[in-house]
Amino acid sequence: MTPRHQRSLGRRKLLVALGGMAVAAPAVAAVAPHALADTDSGTAAPRAAGALPLTIVNDTGSFGNADVHVYIVGNRDGRQVRVTPDGTVAPVVLSDNGADGYTDYAISLAGSGATTLSLPYLSGRIYVSLGAKLKFKVVTDGAGNPALQYPAGWVASDPNYGVLHDCAEFTYNAAGMFCNTTMVDMFSVPLAIRLTGAKDQTTGTVRPGGRAAVFAAVRQVEEFAPLAVDDRRVIAPGHALDAGLFPKDYLAPYIDEVWSTYTGKDLTVTTNAGTFTGRVRGDRLTFDGPAQVSFAKPSTRDVLFCDGALAAPNDGTTGPVAAVLGAGFNRTTLLSSAAQPTTDPASFYRTALTNHYAKAVHAATEDGKAYGFAFDDVADFASYVQDTAPTGIRLTLTAF
């Protein structure tokens, strides 16, 4: 299979499509870069039908259907919208806020068994909360348009901080369904996606005991232990860094060693555009090849968010190389192999200084795939599936 980072970065437009939804939120979600189709490639493909059956299954074993609330929110045609229980797309408006200042967009599950809903075309998220409802708020953005303030479970002052919740991401349009379970911001509720259509695919399934194993794994590493918030969630280390809970220079020794190593020898990065060969020249890692691209030395925060010095523009050259470097830093494979990307998961996270959060969530899933950081799609290790002729999608809340 072609590594997803080697395909067009057009799908990474989701960072814009969904990131805009978090306007005025206490913190902007680090949205996983998948869930958009490569729709502008010019390749003919089957067209998806209209509304898609969405089945929600509560297999938590800890919460009854009456305690589970579903929210489908996103963007369509440049407007922020929500999906009503009957599958209608409704724009968010300020008058949706109730007397308490928040909306009630919750969709209830059936009294028992599975719940079937209708999912229209849009790019968005399916949130689930357990035991209490989420507090979404409609605000006015900088352009004067209604915008939705999203939950930020990694922010202690957020009104949803005490609520057990999580989400999956998707884009559904005429080109098909493109979706993922994401741990880019945090891990809380085990979720699995089954997408049927031209193929029958499942991803994100957490193995029995996997949720507890994630909490235990991060608590075993001193710097990562503060990421575990009671038994409610584990927040991503980048958000913990911003909150002062994670050392801002944690990866500095590894980053310095990468810079030192590739001052004296070549680092190659292979993408669809070709192979780039780089060395540190001056204070920048500069690559020659199909185009010349270069990168300043990243900070720990840049690595964890795959941003800053490792930002990936949708240009076909710098972006793909940045994605591979971001994955190499998070998986700490850049010193063990001078040819990137590496594709053997046995070589990932082998150093003491590594992204132990990403390591833990990958270890917890049955297929070894997870979205532990924004470029986890490099070499196809993200919990992402797509289908150009979908017939149904099932989101299962699996056992705790």
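The values are calculated or read from the model by the stated rules, or taken from the named source; none is laboratory data. Computed from a predicted model, the values in this text were never measured in an experiment. Cβ: placed from backbone, ideal geometry, glycine included. Neighbour counts: every protein chain shown. Accessible surface is based on the protein model in full, side chains and every heavy atom, while ligands, DNA and RNA are left aside. Shrake-Rupley method; radii C 1.70, N 1.55, O 1.52, S 1.80 Å.
So for the chain, averaging the separation of alpha carbon pairs under 8 Å that are six or more residues apart and normalising by length, what relative contact order in percent results? Could you put the intermediate results ahead of the total?
Numbers: 951 pairs, mean separation 90.7, N = 400.
After rounding, I find 23 percent.
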Point-charge dipole on Cβ atoms (K/R +1, D/E -1) for region 249-388, about Cα centre, debye to 20:
400 debye
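In whole percent, and with a 1.4 Å probe on the protein chains, what portion of the accessible area of region 179-235 is carbon and sulfur? List each step's numbers first, then the result.
Numbers: 990 of 2070 Å².
It is 48 percent, rounded to a whole number.
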Taking H as built 1.01 Å from N, whose amide H comes closer than 5 Å to the amide H of S123, not counting residues under 5 places away?
N75, Y172
So for the pair S336, S62, with labels modelled 7 Å out along Cα→Cβ, what separation do we get in nm?
3.2 nm
Can you work out the FRET efficiency for the pair A252 and D315, with r the C-beta to C-beta distance and R0 = 30 Å, to the nearest 0.05?
0.60
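Accessible area per residue of region 172-250 at 1.4 Å probe, in Å²? Don't skip to the end; give the middle numbers.
Values: 2840 Å² over 79 residues.
Counting only protein heavy atoms, the per-residue value for region 172-250 is 36 Å².
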Of K248/K359; K137/K359; K133/K248; K135/K199, which pairs sit farther than 29 Å apart, going by alpha carbon to alpha carbon?
K137/K359; K133/K248; K135/K199
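Want the number for A352 to A296: 0.36 nm per residue separation, take away the alpha-carbon distance, what's left?
Numbers: separation 56, 0.36 × 56 = 20.16 nm, distance 2.41 nm.
This chain segment gains 17.7 nm when fully extended.
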Quick calc of log₁₀ I(q)/I(0), region 200-355, Debye, one scatterer on every Cα, no solvent, q values 0.11 1/Å, result -0.49
Obtain the nm distance between the two label points defined at T263 and T55 by a simple spin-label model: each point lies 7 Å from its Cα along the Cα-to-C-beta direction.
5.9 nm
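Using only Cα atoms, figure out Rg for region 280-400 and give it as a multiple of 2.2 N^0.38 Å.
Numbers: Rg = 16.0 Å, N = 121, 2.2 N^0.38 = 13.6 Å.
The value comes to 1.18.
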Please give the per residue volume of the convex hull enclosing the alpha carbon atoms of region 79-169, rounded to a whole number of Å³.
126 Å³
Of the residues L395, Y127, A352, the Cα lying farthest along the dipole of the chain towards its positive end, which is defined by charges on the beta carbon of Lys, Arg, Asp and Glu, belongs to L395
How big is the Cα convex hull of region 294-364 in projection, averaged over all directions, in nm²?
5.0 nm²
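Of S383, S118, which has the most accessible area and how do the rest follow, probe 1.4 Å? Don't skip to the answer; put the middle values down first.
Details: S383 0, S118 40 Å².
Result, largest first: S118, S383.
Regarding region 332-400, what's the average projected area of the Cα-atom convex hull, expressed in nm²? Please report the intermediate quantities before stating the final value.
On the way: hull surface 25.2 nm².
Spelled out: convex hull of the Cα atoms, projected over all directions, averaged, 6.3 nm².
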Report, in order of residue number, the helices in the chain meeting two criteria: a C-alpha extent of 24 Å or more along the helix axis, and a mean Kyte-Doolittle hydropathy of at least -0.5; treat each whole DSSP H run as one helix.
none
Let me know the Kirkwood hydrodynamic radius for the chain, please, with Cα pairs as the basis and the value in Å to one decimal.
21.4 Å
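Magnitude of the Cβ-charge dipole of the chain, K/R +1 and D/E -1, about the Cα centre, nearest 20 debye? Working shown, then result.
Values: 32 positive and 36 negative charges, 69 e Å.
Here the chain has a charge dipole of around 340 debye.
How many Å² of accessible area per residue for region 329-400, probe 1.4 Å?
31 Å²
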For region 147-215 and region 230-276, distance of Cα centres in Å
23 Å
With +1 on the Cβ of every Lys and Arg and -1 on the Cβ of every Asp and Glu, the dipole magnitude of region 343-400 about its Cα centre, in debye rounded to the nearest 20, is 200 debye
Starting with the highest mean, order 326-334, 196-204 by the number of other Cβ atoms within 10 Å, averaged over the residues of each peptide.
326-334, 196-204
